[in-house]
Amino acid sequence: ILHFLGSSPWAMGMAVSSAIGIMQITRTLHPPSGAVALVVMMTQPDWKFLLTPAFEGSIILVLCAVIFNNLAAERTYPQHWL
């Protein structure tokens, strides 16, 4: 959206609502991710922003969740891999 429509207020709203809509469709709703879309629209970073910090941060969070939840005997995470 940033590439095609720029960073107007309407484009910012479309970016946030698109991000939240896609997360609802995939059942992975995480409201702070809507804020990431807004930050991208406001700061206009280059494509490396997708790798650092967005992708790397997501991988680190999932690894922490897997390790922490599997340390307890009564919990397993994730219960299903796709």
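We did not get these values from a lab; they are worked out from the coordinates using the rules stated. Keep in mind it's a predicted model, so treat the numbers as computed, not measured.
Between 0 and 90 degrees, rounded to the nearest ten: what's the tilt of helix 31-43 against the longest Cα principal axis of the chain?
With both axes taken from Cα atoms, the answer is about 40 degrees.
Any number yet on Rg/Rh for the chain, C-alpha, Kirkwood?
Rg/Rh for the chain comes to 1.09.
Using the Karplus curve 6.51 cos²θ - 1.76 cosθ + 1.60 with θ = phi - 60°, what ³J(HN,Hα) values do you get for each residue of region 5-19, in whole Hz, with x for Gly and Pro?
Values per residue, Gly and Pro as x: 10, x, 10, 6, x, 5, 5, 4, x, 5, 5, 5, 5, 5, 4 Hz.
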